[in-house]
Structures are given as structure tokens and as C-alpha cells.
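One structure is given below, encoded as C-alpha cells.
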Amino acid sequence: MGSYKGEEQHHHHHHRNESSCVLVHGPIIVGAGPSGLATSACLKQQSVPSLILEKSDCIASLWQHRTYDRLKLHLPKQFCELPLLGFPHNFPKYPTKHQFISYMETYASHFSIKPRFNQAVIKAEFDHVLGFWRVKTQDFEYISRWLIVATGENAEPVIPDIPGIDRFKGRVVHTSLYKSGSVFKNQRVLVIGCGNSGMEVCLDLCRFNVIPHMVVRNTVHVLPREMFGFSTFGIAMALVKWFPLKLVDKLLLLLANFTLGNTDQIGLRRPKTGPIELKNVTGKTPVLDVGALSQIKSGKIKVMEGVKEITRNGAKFVDGQEKEIDSIILATGYKSNVPTWLKGCEFFTKDGMPKSPFPNGWKAEKGLYTVGFTRRGLLGTASDAVNIAKDIGEQWRTIKECNDSNFNYLPQRNVVQNKVKK
């Protein structure tokens, strides 16, 4: 998206320890996943240029590098579209991982979004003297009036500290590196975690004559992906427009028990809080069953209580059982990485989530924005992207009308202007 003519030439005019500065006239967006792309597209619609900095070598790197082969969207495609451009009509109701990546690439191409790849943000902080954001990567320091954090809720894998795991002689892998059950053929595999990833990995393992032992550490809501031919999520979204949340949750659980039976009887205890309320408050997503439950009922997937400790050859569980295990898969989810690079900012919690709850978490102060931290999936991302673009678009037009020249006092000797093509 950006034109960087003269950067390399400029860089060689300085000592190696002196980083070059790049002035970005529009917002800097950190992250080229769905959140970053959606925001860039919405900004473009407002005639605002932007620059995306992406630490990996591609867009949607989580989808391209850290997802398993059999992954499909858990929700129907109409709930997963980004603003301004929908999925192709020939895509199925639940697009595959590869179809979603294809959609992302088409989206970026359609809006001529060209992120700056291999630019890992080391540090970003607001310069109170200049009144601008300074964003440092390994190569440059980028300067802008606006900073949009689009690294999302799932930036880094969560690796739990489990007693004894260091002495386990088998393979230990997080689901971010899991591709297929074929490499675990005929093994006894311990899957730690029972969310959507844990359930689907267990289901995938069953295809390869694996005996998955799934650790259920906490309570979990399991809902059918569809009820009576309609998306469960779609039914829920329709009902909450007309009825109180708690009533909708009660109705969903009534239908789920009718469809799936009492999950408590197979070791999957439900939380006291309803599934939608729990998702909104804690971000914990209900599991949408795509077949794992029937494998649990048939005994092909073993449900285990919490792990007490890992031994050299297996695991001891809190209920006193001990099992020999060949491999361990950590289906323990992801977390935000914002606290590692965004400095001097009180808008985020120590866990890297905005302190202001949805729908007000997208805007901070001093030109700082966040997208993709709503705990409401791609629907929340789309909402954030539209709001941010409108807000910055108004500022952009005001500055243009006033013929603002705030950038002129920056030391030009150290600045390479980044003229973004319109």
C-alpha cells in the first residue's frame, strides 16, 4: 500500500545504530489479520490512507500457519464476513480454512491493501512532545497521528505450566502447530483442553485410530452447531433482539438438552451462567458440536478430569487415575500480546484486553484505537472497523480542510515521508 522510495538510500546515510524514521500520513495499523484488513478497507472507503505493519510474511498468518487442516468456520458465512465485501456465493455455508484464506486474499487484493511484511513491532508509545505515536520495528521507526491495534485476542499461544511436563519423553505440541492426526496414528494422545479446538482435534485424531484422552479442567457449554436445520448462533442472534438474554440462554439450553442429552452424564458439566452471557462476560466460547460428542458417548474419546502431574511415560489425574500416554496436545487457546509492545498505555488490562467493554472498547485516547478485541468474533471485528474508520475519517477531513501542517516541525533530516498512494 505504501510507497517507500528512498528509504534504503536514506538509511545508508546514517550510522547503523541510528534508526530511520518513516512518517505515515494516515493511521498505522499493527496486524494484517482480518481485523487489520477490515479496518484498512473501511478507511479506504473514507478516503483515508493507512499502513499495515505485519510481523509475519503473509496476511491472516494465524489462519495460514497456526490452524489444523480440517478446520471450518464454526459459524455460517454471513456471520463471518468483513465489511464492504462478502464471501463468494459458491462458498458453502461453513467455509473451510482454505476458502477463508482465499477470501482474505481476495479482500486484500480488491481494496489494494499491501501490508509491510516482516515488520515486527518491538515498541509503540505516544510521544507527548510531538503529539504523535512512535512505532518501532527492527528496521524503522514509524510516526503517525493514529495507531490502530489489530493484533487481536489470539496473538500468542497459551502454554500452561503443568507439573512434570518437562520430564515427559513423548511429543508435546500446542494446537497452533497441529495440522493433522496422521502423525499420531495408533498412539495414546492426551488432549489438554475441551474448547472448540480440543474437541475438533480429538475428532480428527479418531480418524487415525488414535485413542484421545481429553482433559476437561472446567465447566463447558456444548451446543449443537445447528438446531432443526438452522444455525444455533443464528437462532440466538435473532432471539436476543426480542427477548432478555437470560431467557434466550434458558431456551438454548432447553433445546441443547433435547438435542444432545444431558452432557453432565458424560463428564462435561455445564457452567451455572448461560452460554451467551458467559461469552459476553468472560469471552469463553461455547463449544459448537460437529461430531465429537457422539464419539465421547461411544467411548472413542475418553473424558478425563484435571491433570495432577505429567510423568515420564504418561499422566496422573486428580481423580487418582494414571494413564500411559505417547503424546500431549495442548488445546489451551491463545492470548493477546499487546502488553509486550504497547508501552505507557492504561487503556489495556494486564492481559492485553481493552478495559472498556463492548461496544465501547474500540476507541481509547490520543489517537489510539483497537479492533478485534470484542470477544464477539468477526462480527465484532466488522463493527469495530466501521466505527474506527468513521471516526478517523471525520478527523482526516477536518485536518484536510484546515490545511493542517503539524508534521512540518519534525526534524526532516531523520524523516522519510511515506506518501501513500491513493
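The values are calculated or read from the model by the stated rules, or taken from the named source; none is laboratory data. Quick caveat: nothing in here was measured; it's all calculated off a predicted structure. Cβ placement follows ideal geometry from the backbone for every residue including glycine, while neighbour counts extend to all protein chains displayed. The protein model used for the area step is the full one, side chains on, heavy atoms only, and it has no ligands, DNA or RNA in it. Shrake-Rupley method; radii C 1.70, N 1.55, O 1.52, S 1.80 Å.
Residue 63 exposes around 50 Å² of accessible area when a 1.4 Å probe is run over every protein chain in place. Could you work out the relative contact order of region 158-333? I mean the mean sequence separation of Cα pairs under 8 Å and 6+ apart, divided by the number of residues, in percent. Relative contact order for region 158-333 comes out at 39 percent.
At 1.4 Å probe size, with every protein chain present, just tell me what the per residue accessible area of region 158-333 comes to in Å².
Using a 1.4 Å probe on heavy atoms only, each residue of region 158-333 averages 50 Å².
In terms of distances greater than 29 angstrom between alpha carbons, the cross-link table entries 72/308; 72/169; 136/350; 241/400; 366/400; 179/250 yield 72/308; 72/169; 241/400; 179/250. Using a probe radius of 1.4 angstrom, the carbon and sulfur fraction of the accessible surface of region 158-333 is 54%.
The length gained by stretching the chain between residue 322 and residue 349 to full extension, at 0.36 nm per residue less their Cα-Cα distance, is 5.9 nm. Helix 377-401 and the longest principal axis of the Cα set of the chain meet at an angle near 10°. With all protein chains in place and ligands, DNA and RNA left out, the 1.4 Å accessible area ranks 65, 128, 213, 89 as 89, 128, 65, 213, largest first.
The residues 85, 368, sorted by heavy-atom accessible surface at 1.4 Å with ligands and nucleic acids left out, run 85, 368 from largest to smallest. In a reduced charge model with +1 at each Lys and Arg Cβ and -1 at each Asp and Glu Cβ, region 158-333 shows a dipole moment near 80 debye about its Cα centre.
Across region 360-371, rounded Karplus estimates of 3J(HN,Hα) from the backbone phi angles (6.51 cos²θ - 1.76 cosθ + 1.60, θ = phi - 60°) give 9, x, 7, 10, 9, 9, 6, x, 9, 9, 9, 9 Hz, Gly and Pro being marked x. The sum of -39500 (n - 2.57) across all DSSP H runs of n ≥ 4, divided by the residue count of the chain, sets its helix-only mean residue ellipticity at 222 nm to -8000 deg cm²/dmol. A crude spin-label estimate for the pair residue 257 and residue 230, with each label 7 Å from Cα along the Cβ direction, gives 2.1 nm. Over all other residues within a Cβ to Cβ distance under 11 Å of residue 278, the charged ones net out to +3, with Lys and Arg as +1 and Asp and Glu as -1. To the nearest 10, the accessible area of residue 323 is 70 Å² with a 1.4 Å probe. Along region 244-254 the Karplus relation, 6.51 cos²θ - 1.76 cosθ + 1.60 evaluated at θ = phi - 60°, assigns HN-Hα couplings of x, 4, 4, 5, 5, 4, 4, 5, 4, 5, 4 Hz to successive residues, with x for each Gly and Pro. Subtracting the Cα-Cα distance of residue 110 and residue 159 from 0.36 nm times their residue separation leaves 13.9 nm of extension gain. Shape analysis of region 158-333 places it in the prolate category; the axes a ≥ b ≥ c from the Cα gyration tensor give an a/c of at least 1.5, with a/b above b/c. A straight chain from residue 247 to residue 84 at 0.36 nm per residue would run longer than the Cα-Cα distance by 55.3 nm.
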